[in-house]
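Sharing a structure below in structure tokens format, with a few things to ask.
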Amino acid sequence: MKRFISLCCVCSVVFSVVFNTSVFAENDIAVNAKSAILMEQSTKQILYENNPDEHLPIASVTKIMTMLLIMEALDNGKITMEDMVPVSERAMSMGGSTMFLETGEQLSVYEMLKGIAVASANDGCVAMAEYISGSEEAFVNEMNARAAELGMENTHFTNTNGLDAEDHYSSARDVALMSAELLKHERIFEFTTIWTDKMHDGKFDLANTNKLIRFYPGANGLKTGSTSQALCCLSATALRDDLQLIAVVLGAPTSNDRFSAARALLDYGFANYAIGKPIKQNDEVGTVAVKKGVYDELAVCAKDSFSLLLKKSEKGSCESEIVLPEYVNAPIAKGDVIGKAVFTKDGENVGEVELTAASDVEKKTFTDYLVDIFSALFSL
């Protein structure tokens with residue numbers, strides 16, 4: 001195998017810049033809530049936790065999973081933002097926070113998402129569930145299946161909107177996991193970062209219940225929730241310098257308690273940690289020789305991004321080793337795995353990323369060989 005070192009200087013520059021920021025200790029965090037957790041999104045590393053796995057009602061924070069399934073249905077082409085969603089009598093009958101839907105009316109998926117994300121519309125959740133899955137019950141089954149896929153071991157949903165119900169619960173860790181997954185869908189920020197807006201041709205005012213969106217630098221989501229059983233809950237997300245943090249607070253006595261706890265968690269994360277991206281998805285990182293192909297050389301690129309989370313108080317750098325074969329044989333299809341990038345910190349392996357073919361390379365035909373021969377003869 002052909003091995004060589006690259007990219008390590010990039011990582012060293014990234015981390016040497018951020019180490020000069022002041023920090024404060026974990027015991028400075030004030031959290032008045034039953035449960036809380038702080039997670040970095042790309043690595044899913046936990047930066048702080050307090051009772052993170054207790055089964056608790058989560059109120060409208062449930063809608064994070066509802067929005068995730070909507071975004072995934074958009075991605076796979078099952079629905080579009082322009083689709084018109086009919087409102088059933090069941091959807092209209094939902095209590096709590098609503099977008100005042102009327103039986104028989106139709107709103108676009110875009111407007112429904114806006115109502116769910118900003119107004120926490122219980123009626124919009126049921127309407128979307130029925131549109132995507134045929135019934136709320138079928139949609140809830142999909143929510144639970146998706147939770148299992150994400151490793152949410154302490155979660156069970158019985159509805160789409162988080163209204164208090166028996167056997168409807170989650171945990172701070174699980175909420176962070178589904179929040180991290182939703183954040184992969186960047187278009188969701190079109191909705192979760194709205195502070196105020198209007199619907200129904202300007203007749204209905206929207207105001208985001210997540211006060212951090214307006215008052216916390218870098219805030220980009222995600223969802224509040226409160227009921228008599230759940231008390232005040234929040235999954236608060238914020239992005240600064242490529243560091244995407246998720247602060248989950250469950251069971252806070254008051255709304256102010258949940259926001260102050262989330263601020264304290266996010267402040268702690270941004271003060272003490274930094275994210276580096278030594279390689280990004282589709283970065284071209286090298287070439288490999290090709291035998292029997294119409295081209296003699298093939299560019300390889302990163303299949304995925306790789307991020308490394310470091311404490312700002314630490315010293316050190318990340319190095320990467322690009323591992324490629326001496327040659328590959330044609331034919332090669334774009335996306336074929338060719339090698340890997342291995343990342344180490346202080347001599348320890350901290351991750352790997354597959355390297356793939358950046359383009360197709362067809363196998364030479366007999367005619368191609370004849371052309372090569374004649375070209376060589378005429379060049380003499």
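Please find, in a Gaussian network model of the chain (springs between Cα atoms separated by less than 10 Å), the residue of 174, 28, 267 whose mean-square fluctuation is greatest.
In the Gaussian network model the winner is 28.
Based on the Cα coordinates of region 33-252, what is the per residue volume of their convex hull in Å³?
Roughly 112 Å³ of hull volume per residue.
Okay, next question. Karplus couplings for region 77-86 from phi (6.51 cos²θ - 1.76 cosθ + 1.60, θ = phi - 60°), rounded to Hz, Gly and Pro as x?
Ordered by residue, 3J(HN,Hα) equals x, 5, 9, 10, 4, 8, 4, 9, 9, x Hz.
OK, next. For a quick check, take a GNM of the chain with Cα springs below 10 Å and name the residue from 171, 228, 120 with the largest mean-square fluctuation.
228
Can you give the angle from 0 to 90° between the axis of helix 109-119 and the longest principal axis of the chain, with both taken from C-alpha atoms, to the nearest 10?
That helix lies at roughly 60 degrees to the long axis.
A further question follows. Calculate how many DSSP beta bridges within the chain are antiparallel, expressed in % of all such bridges and rounded to the nearest 5.
Antiparallel bridges make up about 95 percent of those DSSP assigns within the chain.
Right, something else. Any idea which of 178, 104, 159 is furthest toward the positive side of the dipole for region 100-218, if Lys and Arg beta-carbons carry +1 and Asp and Glu beta-carbons -1?
Positive-end residue among those listed: 178.
Place a +1 charge on the Cβ of each Lys and Arg in the chain and a -1 charge on the Cβ of each Asp and Glu, then give the dipole magnitude about the Cα centre in debye, rounded to the nearest 20.
On the way: 33 positive and 53 negative charges, 193 e Å.
Computed charge dipole of the chain: roughly 920 debye.
Something else about it: Please report the net charge: other residues with Cβ closer than 14 Å to the Cβ of residue 217, K and R +1, D and E -1.
+2
If R0 is 35 Å, what FRET efficiency do you get for residue 304 and residue 49 from their C-beta distance, rounded to 0.05?
For R0 = 35 Å, the calculated efficiency reads 0.85.
Also: With 28 Å as the limit, write out which pairs from 34/345; 44/223; 292/345; 303/363 have Cα-Cα distances beyond it, or answer none.
34/345; 292/345
Pick from 188, 338, 58 the residue whose mean-square fluctuation is largest in a GNM of the chain, springs joining Cα atoms under 10 Å.
For the chain, modelled as a Gaussian network with Cα springs under 10 Å, the answer is 338.
Just tell me the longest site-free run in the chain, where the sites are chymotrypsin sites (Phe, Trp or Tyr not before Pro) in a DSSP loop having at most 15 other beta-carbon atoms within 10 Å.
196-294
Moving to a separate point now. Using all C-alpha to C-alpha distances in the chain, build P(r) with 10 Å bins and read off the rounded percent in each one.
Each 10 Å bin holds this share of Cα pairs: 5, 21, 25, 20, 15, 9, 4, 2, 0.
Rounded to the nearest 10 degrees, what's the angle between the helix 63-75 long axis and the longest principal axis of the chain, both from Cα atoms, 0 to 90?
Once rounded, the angle reads 40 degrees.
While we're looking at this one, here's another question. Given R₀ = 45 Å, what would the calculated FRET efficiency be for residue 313 paired with residue 201, taking r from the Cβ atoms and rounding to 0.05? Kindly include the intermediate steps, with their values, before the conclusion.
Numbers: r = 54 Å, r/R0 = 1.20.
Plugging the Cβ-Cβ distance into 1/(1 + (r/R0)^6) gives 0.25.
Every number in this text was worked out from the coordinates using simple rules, so none of it is lab data. These numbers come from a predicted model, not from an experiment. In this analysis, Cβ positions are derived from the backbone assuming ideal geometry, glycine residues included, and neighbour counts consider all displayed protein chains.
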